[in-house]
Structures are given as C-alpha cells and as structure tokens.
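S.K.: Structure incoming, see below.
Throughout, read-outs are computed from the coordinates displayed, never taken from laboratory work. This one's a predicted model, so the numbers in the text were calculated from it and none came from an experiment. Note that each Cβ is placed from the backbone with ideal geometry, even for glycine, and that neighbours are counted across all protein chains shown.
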Amino acid sequence: MKEFFEITDMEALKSFAVPERVKILELFEDLEPRTAKQIATELGENAARLHYHVKELVRVGLLEQVDTRVKGSIVEKYYQPVAKVISANLRVVIENNAHQLSEIMFSPLHATEKDLVRTLNRLVESDVDVRQDYNDTFYYNMGELNLTKEERNQLVGELNALYSKYKDLKPTEGRRKFKYFTLLFPTAPPEATDEDDEAFEDID
C-alpha cells in the first residue's frame, strides 16, 4: 500500500458524493484487507448492493484487489485502499468541474456531522461514569493562515505525514476510534488583501 495517493480524476472524486462509498473507505482505517461480503456485513448493508460500490471504487482507482483466497468452491477477493492517505488535487478538479465540486466535497462533511451528532447524543444520554470516559477525547481547531504556494504544499505534506504516522495503529484495548476531517481552501483570489475588503464602500 502506498503512503499517499492524490486524486486528479473527476470520476474518482465523485465517489465522495456517494455515502456508501465514503463509508467503505472509512471502514479501512485499520488498513486490514476485506472482501466485499465482509464490508457489507460490517456496514450492515445489502451484499449485492455493496459489491457494486466496491467494484466502482476499484474502477476509479481508490480500492485495489490485494489478495485472492480459495475456500472450497468459493473464490474470495480481498480489497484495500490504494494508499494510507488519499487526498484530492483541487486545482485540477476546480478548473475542470467547479460546478460539481461543492456536492462532492461536502458529502464526507455531512457524514462526519452525523457521526458527531450521534456521539454527542450518546454522551448526553450517558450516566456520569460513562461521561468520564469521554474526557480528553474531543478536539476542535479552526483558523486562518497566510501561506505562499510553497508553504501550503509544505503544510499539506506535513499533515499527510502526521496522519500516516497514526494510520498504522491497530485497534487495541485502551485505543478508541477517532474521526478527523481536514479542509483547506482559499478565501479570496491571490490579489485580494484585508485592506481591499476594508476599502469597499456600499453606496446603496
């Protein structure tokens, strides 16, 4: 498995607009190969329907078949993501498909939002002892950065390396699953500055 894979193809990026495919990719956080049947069982989905989405992820290059095992008359195909960290080259995507980008980018965000709400509801409904188990679990960070292209690329490389460092950790006692979502985007064209914003005057 590669350390990093950068999506430059719109067909591959469209997979992030399909909730089932997002769930499939998220399931491989432990980096363990799975068959389509195992994926369906873990997600509680219909096997035939799930198998279609697995094939589509293979077709667009986000999943790959890594093993084949024969059990009696059954041939089991095992799949795995193409890399530990999958990111998108937004420059290529925006230039060619800006009108579809919003739907695709925010589909994982909506899925993450649902997971967060579910966790918060579980926390609120829990007794005191269970709530204590949530100590030192939540982290939230948001801000603005002023970066050159080189600094932006360096930051992305460092984040990918950081995530990759923890991707190899296996589920064990005392280690719980965390979900993260990173979104880095420009808020204005390169020529614009804060001074430009302040100079704006609405005369209506």
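S.K.: Taking 0.36 nm per residue of separation and subtracting the Cα-Cα distance, what length does fully extending ARG176 through LEU43 add?
M.R.: Result: 46.1 nm gained on full extension.
S.K.: Check which residues have an amide H placed less than 5 Å from ALA88's amide H, if you skip close sequence neighbours.
M.R.: The list, which skips near neighbours in sequence, is ILE7.
S.K.: Now for a separate question. Cβ under 12 Å from TYR180's Cβ, TYR180 left aside: what net charge do those residues give with Lys, Arg +1 and Asp, Glu -1?
M.R.: Net of charged neighbours comes to 0.
S.K.: With 10 angstrom as the radius, rank HIS110, HIS53 by how many other C-beta atoms surround their C-beta, starting from the fewest. The partial results should precede the final answer.
M.R.: Numbers: HIS110 11, HIS53 23.
Ranked by crowding around the Cβ, least crowded first: HIS110, HIS53.
S.K.: Can you work out the Karplus-derived ³J(HN,Hα) for every residue in region 6-17? Use 6.51 cos²θ - 1.76 cosθ + 1.60 with θ = phi - 60°, whole Hz, and x for glycine or proline.
M.R.: 9, 7, 10, 9, 5, 4, 5, 5, 4, 4, 7, 9
S.K.: Can you work out ³J(HN,Hα) from phi for every residue in region 160-169, in order, using Karplus 6.51 cos²θ - 1.76 cosθ + 1.60 and θ = phi - 60°, giving whole Hz and x for Gly and Pro?
M.R.: Karplus-based 3J(HN,Hα) across region 160-169 equals 4, 5, 5, 4, 4, 4, 9, 5, 7, 5 Hz.
S.K.: Now, a different point. For the residues GLU56, GLU173, GLU29, GLU125, what sequence is obtained by ranking on other C-beta atoms within 10 Å, fewest first?
M.R.: GLU173, GLU125, GLU29, GLU56
S.K.: In whole Hz, with x marking every Gly and Pro, tabulate ³J(HN,Hα) for region 42-59 from phi via Karplus 6.51 cos²θ - 1.76 cosθ + 1.60, θ = phi - 60°.
M.R.: Using θ = phi - 60°, the values come out as 5, 8, x, 10, 5, 4, 5, 5, 5, 4, 4, 5, 4, 4, 5, 5, 5, 4 Hz.
S.K.: Further question on the same structure: For PHE178, PHE185, which order do you get if you count the other beta carbons within 10 Å of each Cβ and list the fewest first?
M.R.: Listed from fewest to most nearby Cβ atoms, that is PHE185, PHE178.
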